[in-house]
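Heads up, the thing below is written out as structure tokens.
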Amino acid sequence: MTAALCVLAATAGRAEDRPAVTRAAIEKYLFLPESDTYLIGDRIAKWDSDIAVILYREDERALVEEIVSEILGRKALGRHRIVLLPPIERLRDDGVPRPNFTLGVNSAFFEFMMAPGGLRGLEAYQARAKAAGCYAQPTVPLIARDYVITGAQIMTRDDLTAAALRDCLFRGFLLTAGLMYTDLLAFRKAPLGEAERAEALAVLSLLYHPAVRPGMSRAAFYAALEAEGLVER
């Protein structure tokens, strides 16, 4: 059966479902100690457009829809939608957006894409990703220097357990949305628990608050959100 275009948008979320966001929680998922890590340092990077995802295999569509619904159900991407595109043979259909996000669950594709040399600032993460079979990276063009994410990819091996695959894809969406390669989010082997997923989504929702602009420094980010009363000590 041919998959139809699936457009997912934020739904009404309940404030009581969101954990209190403290500086300590934000630092778990957002900021890095090395100024040259992943080239952007401590600058905020985020999408300013909808995300159009093309799947390498249709087998993962239901799982991806479930994960995306969890993310958007918390309004973690603000006004932005995630569009799950139909199979590649239908991409020429009228009204189908151009993909800017590739999601592949295929061991051969994973090994091929991981073969090139490491991107400066991501060498340690790439080594961990190769061992774990799970890799995610946003595209932040350096020439523009506007810190806007313009594309992304998640790649995994196809021999992961169901739990490992779900955790991989969930973390991958967070990393490609603008959260950073922190120890907890990118390097810990144990899957994120339910409370940690909720905490990470609460931090991501701050990243997509209207007061936060791409390119903001750590200090400017905190100042903007503290002025809104959104960060607890």
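The values are calculated or read from the model by the stated rules, or taken from the named source; none is laboratory data. Since the model is a prediction, treat every value here as computed from it, not as a measurement. Using ideal geometry, Cβ is built from the backbone for each residue, glycine included, and neighbour counts are taken over all protein chains shown. These area figures cover heavy atoms from the full protein model, side chains too; ligands, DNA and RNA do not enter into them. Shrake-Rupley method; radii C 1.70, N 1.55, O 1.52, S 1.80 Å.
Under 5 Å from the amide H of ALA52 lie the amide H atoms of VAL83, ASN100, PHE101, each residue being 5 or more positions distant or on a separate chain, with H modelled from the backbone and absent for Pro and chain starts. With all protein chains in place and ligands, DNA and RNA left out, the 1.4 Å accessible area ranks ASP50, ASP159 as ASP159, ASP50, largest first. Solvent-accessible area of ILE71, all protein chains in place: 10 Å² (probe radius 1.4 Å, heavy atoms, ligands and nucleic acids excluded). Only Lys, Arg, Asp and Glu carry charge here, each on its Cβ (+1 for the first two, -1 for the last two); on that basis segment 96-233 has a dipole of about 300 debye about its Cα centre.
Could you rank GLU194, GLU199 by how accessible they are, 1.4 Å probe, largest area first? Please report the intermediate quantities before stating the final value.
Working: GLU194 145, GLU199 40 Å².
Correct descending sequence by accessible area is GLU194, GLU199.
Could you compute the FRET efficiency for ALA198 and ALA115, with r as their C-beta to C-beta distance and R0 at 45 Å, rounded to 0.05? After rounding, the FRET efficiency stands at 0.80. Here's the picture: charge each Lys and Arg Cβ at +1 and each Asp and Glu Cβ at -1 in segment 116-173, and of PRO138, LEU169, GLN153 the one pushed furthest to the positive end of that dipole is PRO138. The heavy atoms of VAL140 offer some 20 square angstrom of accessible surface to a 1.4 angstrom probe. Exposure check, 1.4 Å probe, all protein chains in place: THR22 carries approximately 40 Å² of accessible surface.
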